[in-house]
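Enquirer: Pasting a structure below so you can have a look.
The values are calculated or read from the model by the stated rules, or taken from the named source; none is laboratory data. What you are looking at is a predicted structure, and each value in this text was computed from that prediction instead of being measured. Glycine gets a Cβ as well: all are built from the backbone with ideal geometry, and neighbour counts include every protein chain shown. Ligands, DNA and RNA are stripped out before the accessible areas are found, and what is left, the full protein with its side chains, is counted by its heavy atoms. Shrake-Rupley method; radii C 1.70, N 1.55, O 1.52, S 1.80 Å.
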Amino acid sequence: MNWFLIDEKIKAWLNEDLHNGDLTTDYLIDDSVQVKGNFIAKEAGVIAGLEVMGRVFQILDPNIVLENLISEGSSVDKGDLIAKIAGPARSILKGERLALNILQRLSGIASQTAQYVRLLEGLQTRVVDTRKTIPGLRYLEKYAVRVGGGFNHRFNLSDGVLIKDNHIKACGGITTAVQRAKERIPHTGKVEVEVETLSQLEEALAAKADIIMLDNMDIPTMKRAVELTQGQAILEASGNISLANLRAVAETGVDIISVGALTHSVKALDISLRFIEES
């Protein structure tokens with residue numbers, strides 16, 4: 001984890017929430033008040049983001065003590081205790097929402113990814129994410145995919161060459177696009193190209209593309225694409241992939257399935273922080 005990056009983001013997010021202070025907490029709670037609390041799962045899922053949540057509270061107030069009761073990537077059921085917290089009430093209340101937002105979002109991504117991964121048990125096909133992430137959260141969201149058992153595609157546009165439909169149109173064709181990329185990338189690089197038809201697949205193979213993305217192809221067409229490729233390139237299936245069709249897509253023989261839904265429309269896992277009333 002790149003904590004230099006994460007800490008800077010946390011400070012910016014805290015500033016967003018505390019720019020002019022916390023009127024409710026500052027008016028109601030005395031500096032001397034100490035509290036204890038529990039983080040509780042309100043539904044089943046996979047937990048991701050515990051260390052990041054801890055950094056929120058440490059940056060706010062080093063006097064806060066957070067004890068994780070489970071490890072990162074653990075599965076939880078409704079009602080399970082995730083972590084305990086103790087310290088100044090003022091500081092905990094000021095960091096509560098941000099900490100929960102991060103933990104819930106990342107756990108939601110990890111939980112959804114785990115569902116996709118489980119469906120591919122026994123197969124060699126990998127589930128990978130996409131760049132369909134919330135701006136500013138990509139590093140953490142892709143981390144959560146890994147916690148859920150998935151793999152990462154490109155982190156950003158400088159991570160690799162991926163020639164898509166508009167690149168092809170702008171270049172005048174697949175062959176020209178692949179050739180230009182091959183001439184300019186480092187010797188360690190690979191060229192991926194998106195195709196929508198079997199004729200485009202054949203052109204990409206002839207151009208020696210390293211990876212070929214099968215975009216929005218139906219199952220019979222993907223099977224034929226695997227037969228035509230015969231291992232000459234890595235095949236990635238993409239477009240309209242869901243839990244309902246994932247296994248069938250993998251059984252065509254493709255190597256990778258990229259799923260935008262791992263990050264772009266995920267539901268946050270329901271988690272709450274409850275203070276403990278002490279006699």
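Enquirer: Could you grab me the full set of residues in region 141-162 that are of a type in the set (A, V, I, L, M) and in contact (Cβ under 8 Å) with a residue 60 or more places away in the chain?
Expert: Ala144, Val145, Val147
Enquirer: Show the residue pairs that are 6+ apart or on different chains and have beta-carbon atoms under 7 Å apart, the first residue being within region 115-129 and in contact (Cβ under 8 Å) with a residue 40 or more places away in the chain, the second being of a type in the set (D, E, K, R) and open to solvent by less than 10 Å² (accessible area, probe 1.4 Å).
Expert: Correct list of pairs: Asp129/Lys142.
Enquirer: Another one. Within the bounds of region 185-193, is there any residue that is open to solvent by 40 Å² or more (accessible area, probe 1.4 Å), within 30 Å of Arg105 (Cα to Cα), assigned to a loop (DSSP other than H, G, I, E, B) and not hydrophobic (A, V, I, L, M, F, W, C)?
Expert: Looking for residues that are open to solvent by 40 Å² or more (accessible area, probe 1.4 Å), within 30 Å of Arg105 (Cα to Cα), assigned to a loop (DSSP other than H, G, I, E, B) and not hydrophobic (A, V, I, L, M, F, W, C), one finds none in region 185-193, hence no.
Enquirer: I've got another one for you. Could you check Asn15 against (1) surrounded by 14 or more Cβ atoms within 10 Å (Cβ to Cβ); (2) without any contact (Cβ under 8 Å) to a residue 60 or more places away in the chain; (3) in a helix (DSSP H, G or I) and say which number it fails?
Expert: Evaluating Asn15 over (1) surrounded by 14 or more Cβ atoms within 10 Å (Cβ to Cβ); (2) without any contact (Cβ under 8 Å) to a residue 60 or more places away in the chain; (3) in a helix (DSSP H, G or I) leaves (1) as the failure.
Enquirer: Sticking with this one: Check whether at least one residue in region 146-157 is part of a helix (DSSP H, G or I), closer than 29 Å to Asn101 by Cα and of a type outside the set (Val, Ile, Thr), and report yes or no.
Expert: Of the residues in region 146-157, the ones part of a helix (DSSP H, G or I) are 146-147.
Imposing the further condition that a residue be closer than 29 Å to Asn101 by Cα reduces the set to 146-147.
Now narrow it down to the ones that are of a type outside the set (Val, Ile, Thr): 146.
Within region 146-157, one or more residues are part of a helix (DSSP H, G or I), closer than 29 Å to Asn101 by Cα and of a type outside the set (Val, Ile, Thr).
Enquirer: Checking the conditions here, which among Glu196, Glu277, Glu202 is out of contact with any Gly (no Cβ under 7 Å at 6 or more places or on another chain), open to solvent by 40 Å² or more (accessible area, probe 1.4 Å) and either closer than 30 Å to Glu96 by Cβ or at pLDDT below 95 (or both)?
Expert: Unique residue meeting the criteria: Glu277.
Enquirer: A further question follows. Could you tell me whether Lys169 is basic (Lys, Arg) and without any contact (Cβ under 8 Å) to a residue 24 or more places away in the chain?
Expert: Working: basic (Lys, Arg): yes; without any contact (Cβ under 8 Å) to a residue 24 or more places away in the chain: yes.
Yes: the conditions hold for Lys169.
Enquirer: Something else now. Please verify whether Ala225 is surrounded by 15 or more Cβ atoms within 10 Å (Cβ to Cβ), among the small types (Gly, Ala, Ser) and over 22 Å from the mean Cα position of the chain (by Cα), treating the condition exactly as stated.
Expert: The answer is yes for Ala225.
Enquirer: Looking at (1) open to solvent by less than 50 Å² (accessible area, probe 1.4 Å); (2) within 19 Å of Met1 (Cβ to Cβ), which is the only condition Tyr139 fails?
Expert: Of (1) open to solvent by less than 50 Å² (accessible area, probe 1.4 Å); (2) within 19 Å of Met1 (Cβ to Cβ), only one is false for Tyr139: (1).
Enquirer: Residue by residue through region 250-263, note down the ones that are in contact (Cβ under 8 Å) with a residue 60 or more places away in the chain and either surrounded by 15 or more Cβ atoms within 10 Å (Cβ to Cβ) or touching a Leu at 6+ places or on another chain (Cβ under 6 Å) (or both).
Expert: If the condition is that a residue be in contact (Cβ under 8 Å) with a residue 60 or more places away in the chain and either surrounded by 15 or more Cβ atoms within 10 Å (Cβ to Cβ) or touching a Leu at 6+ places or on another chain (Cβ under 6 Å) (or both), then Ala250, Val254, Asp255, Ile256, Ile257, Ser258, Val259, Gly260, Ala261, Leu262, Thr263 are the ones that fit.
Enquirer: Name the single residue that is surrounded by the most Cβ atoms within 10 Å (Cβ to Cβ) among those in region 228-248 being in a helix (DSSP H, G or I) and without any contact (Cβ under 8 Å) to a residue 60 or more places away in the chain.
Expert: Selected residue: Thr229.
Enquirer: If you don't mind, another one. I want to confirm something. Restricting to region 52-96 and keeping residues that are among the small types (Gly, Ala, Ser) and not in a loop (DSSP other than H, G, I, E, B), which single residue is most open to solvent (accessible area, probe 1.4 Å)? Don't jump to the end; show me each part of the working.
Expert: Quick first cut of region 52-96, residues among the small types (Gly, Ala, Ser) only: 54, 71, 73-75, 79, 83, 86-87, 89, 91, 95.
Cutting the leftovers down to not in a loop (DSSP other than H, G, I, E, B) gives us 54, 75, 83, 86-87, 89, 91, 95.
Values: Gly54: 16, Ser75: 90, Ala83: 0, Ala86: 31, Gly87: 6, Ala89: 2, Ser91: 19, Gly95: 0 Å².
My answer is Ser75.
Enquirer: So which residues in region 25-41 are open to solvent by less than 90 Å² (accessible area, probe 1.4 Å) and either part of a helix (DSSP H, G or I) or in contact with a strand residue (DSSP E or B) (Cβ under 6 Å, 6 or more places away or on another chain) (or both)?
Expert: The answer is Thr25, Asp26, Val35, Gly37, Asn38, Phe39, Ile40, Ala41.
Enquirer: Going residue by residue through region 107-128, is there one that turns out to be in contact with a His (Cβ under 9 Å, 6 or more places away or on another chain), at pLDDT 95 or above and at negative phi?
Expert: yes
Enquirer: Taking region 210-222 as the search range and keeping residues that are of a type in the set (A, V, I, L, M, F, W, C) and either touching an Asp or Glu at 6+ places or on another chain (Cβ under 8 Å) or within 30 Å of Glu183 (Cα to Cα) (or both), which one is surrounded by the fewest Cβ atoms within 10 Å (Cβ to Cβ)?
Expert: Step one: of region 210-222, the residues of a type in the set (A, V, I, L, M, F, W, C) are 211-214, 217, 219, 222.
Cutting the leftovers down to either touching an Asp or Glu at 6+ places or on another chain (Cβ under 8 Å) or within 30 Å of Glu183 (Cα to Cα) (or both) gives us 211-214, 217, 222.
On the way: Ile211: 19, Ile212: 26, Met213: 25, Leu214: 27, Met217: 24, Met222: 21.
In this case the residue turns out to be Ile211.
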